[in-house]
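A quick write-up on the structure given underneath.
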Amino acid sequence: MNSYKVIRSFSHSIASISFTLLVSISLLLTTNQLNAQVSLLGDSVYTTVDVSPKYSHGNLQKKINKLKQYPTNAMLKGLEQVVVVDAIITNEGKLVSAKVVTDADSEFAEEALRVVLTLKEWSPAKRSNQNVNCSYSIPISFSLNPDEKEFASAFKGIDFDKESPLFILDGKKVGEFVSIPAHNVRSIRILKGNKAIDLYGDNGRYGVVEMTTKNGTPPLR
């Protein structure tokens, strides 16, 4: 009888402990779920804010212009475009992701995205006096100056197989693209196919642009 009471008492204790554990686990799960919901609310990304985010390192447009490189083939074709990139900037002022939201030429889109993803540090947006995550649109403009437009006109109708040709300026190899004032161009000669490869080897496989100048003006780009 005493043994039964002990066993019964022990069973009640186990049941009580089990119930307590179940209640504790249930409360823990509920708390975690609430925390997850609160975290989710905290991670909301707003498109409308009271104060827009601000780039932390000076004038945003000047920084973009400094970082931006005109896609070679787009310049040769005289193409211009404005690419809009939507960036996610956190409530801690970090740019964490970006995507192109306009219908843009692939070269322009890739360059615009590259530029925006380097703009890491911002003053965060505010909503009701609180720092919040937000989606912020950043336009990246690709435009040519008059000299570059006139220079590009020399290449109309020429297809470089969507690859950058080799540029030779006054007998010297230069970077992917070089632009000089139109009034200082003495001559432009374009070589393609075997003729380009015969003269410049594998470097000429996508074509060669030979330019000579009148006064040796430094490249604009």
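At a glance:
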| item | result |
| --- | --- |
| In nm, spacing of pseudo-spin labels at TYR46 and GLU150 (7 Å Cα→C-beta vector) | 5.1 nm |
| Amide H contacts under 5 Å for ASN133, placed H, 5+ residues apart | TYR46, ASN91 |
| Fully extended contour minus Cα-Cα distance, from ASP105 to GLU92, at 0.36 nm per residue | 1.4 nm |
| 17 Å Cα-Cα reach of LYS62 towards lysines, excluding residues that sit fewer than 8 places from it in its own chain | LYS54, LYS120 |
| Placed amide H near LYS54: partners under 5 Å, 5+ positions off or other chain | SER123 |
| Under the Karplus curve 6.51 cos²θ - 1.76 cosθ + 1.60, θ = phi - 60°, whole-Hz ³J(HN,Hα) for region 88-94, x wherever Gly or Pro sits | 9, 10, 6, 5, 9, x, 10 |
| Cross-link partners of LYS192 among lysines (Cα-Cα below 23 Å; sequence separation of 8 or more within a chain) | LYS77, LYS149, LYS156, LYS162, LYS172, LYS173 |
| Computed lengthening from GLN61 to LEU199, 0.36 nm per intervening residue step minus Cα-Cα distance | 45.5 nm |
| Reach of LYS94 by Cα under 12 Å, taken over aspartates and glutamates that are not fewer than 8 positions away in the same chain | GLU121 |
| Peptides ranked, highest mean first, by Cβ atoms within 10 Å: ranges 49-55, 110-116 | 110-116, 49-55 |
| Under 5 Å, built H, 5+ apart or other chain: amide partners of VAL82 | PHE142 |
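Since every read-out is calculated from the coordinates, none of them should be taken as a lab result. Keep in mind that what you see is a predicted model, and the values were worked out from it rather than measured. Note that we place each Cβ from the backbone using ideal geometry, even for glycine, and neighbour counts take in every protein chain shown.
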